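The values are calculated or read from the model by the stated rules, or taken from the named source; none is laboratory data. Note that the structure is a prediction, hence the values are computed from the model and not measured. Backbone-built Cβ (ideal geometry, glycine too); neighbour counts: all protein chains shown. These accessible areas exclude ligands, DNA and RNA; they are computed on the full protein's heavy atoms, side chains included. Shrake-Rupley method; radii C 1.70, N 1.55, O 1.52, S 1.80 Å.
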Amino acid sequence: MNELPFTFAGQDLRALGSGALWWPDRALLCVSDLHLGKSERMARRGGPALPPYDSRDTLTRLSADIDRTGAQTIICLGDSFDDLDALAALGTSEKQTLTTLQAGRRWVWIEGNHDPGPIDLGGTHLSEYTAGPMVFRHIALPGAAGEVSGHYHPKTRLKARGRVITRPAFLLDDARLILPAYGTYTGGLLTSDNTLTQLMNDGAMAILTGPHPHIIPMPR
């Protein structure tokens, strides 16, 4: 399994190449910003037509991560659906996949800004979730510690061998961990953006996703 081990809040964690966070000691897998139904929402609002397979692809990758890790607790860290109408329009096969993935596991839906209300699926629905020394919420709060969040879809842009490479990335400092977006059709905010440079402490690191995750100082 392509992963990079690191320590946060005194816990041994793994950043998976897919963008999921794995906490082995708790058998806990966390993913953020699935944005299921984004292609349907864009078509509904008159945006560009995208191939309508994003939800299926996102759930296929999530299923593979659950199978590989054997996770027993799943945290979806907000913006799991592109909006509540996208949830209503989710296909039968995708809803069946979610039902199958939830069976025999604790499944926590964290409230996001795209999906702020109750959703008509199984699992527990919370504004935030605490496990040991860590708190899981959608948007980072000033002054928080041991915080795991999403929302910003962080990504890095690097030059390598004359090419520019852009990768989704985890951001990590001594107080907070921000996950990359997991959804297939999600964009991102560069780590050099003022929002992220002001949010992350000096010495923050970025863990680049992909086949071989690696850690670098957060580009600013």
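Numbers at a glance
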| read-out | value |
| --- | --- |
| Counted residues, region 140-186 - those being β-branched (V, I, T) and either within 21 Å of G203 (Cβ to Cβ) or touching a Gly at 6+ places or on another chain (Cβ under 6 Å) (or both) | 3 |
| Test: residue in region 66-82 that is farther than 18 Å from G183 by Cβ, at pLDDT 80 or above, among the acidic types (D, E) and open to solvent by less than 10 Å² (accessible area, probe 1.4 Å) | no |
| Enumeration of residues in region 149-166 that are assigned to a strand (DSSP E or B) and closer than 16 Å to D33 by Cα | S149, P154, K155 |
| Any pair with Cβ under 9 angstrom, 6 or more apart, that starts in region 199-220 at a residue that is without any contact (Cβ under 8 Å) to a residue 24 or more places away in the chain and ends at one that is assigned to a strand (DSSP E or B) | P217/M205; P217/A206 |
| Residue satisfying condition, being within 19 Å of the chain's Cα centre (by Cα) and outside any strand (DSSP E or B), within set A140, A169 | A140 |
| Region 119-158, residues that are at pLDDT 95 or above and of a type in the set (D, E) | E128, E147 |
| When residues of region 18-46 are limited to those that are among the small types (G, A, S), at pLDDT below 90 and within 18 Å of G188 (Cα to Cα), the one surrounded by the most Cβ atoms within 10 Å (Cβ to Cβ) | G37 |
| Any hit, region 178-198, residues being among the polar types (S, T, N, Q), farther than 23 Å from P5 by Cβ and free of Cβ contacts under 8 Å to residues at least 12 places away in the same chain | yes |
| Number of positions in region 103-137 that are under 15 Å from the mean Cα position of the chain (by Cα), among the charged types (D, E, K, R) and part of a strand (DSSP E or B) | 2 |
| Residue count for region 167-181, restricted to those that are open to solvent by 10 Å² or more (accessible area, probe 1.4 Å) and not charged (D, E, K, R) | 4 |
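Each row is one residue, and each column tells you yes or no for (1) of a type in the set (S, T, N, Q); (2) touching a strand residue (DSSP E or B) at 6+ places or on another chain (Cβ under 6 Å); (3) under 24 Å from G17 (Cβ atoms).
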position	(1), (2), (3)
T99	yes, no, no
G122	no, no, no
S127	yes, no, no
V135	no, yes, no
A140	no, yes, yes
V148	no, yes, yes
H153	no, yes, yes
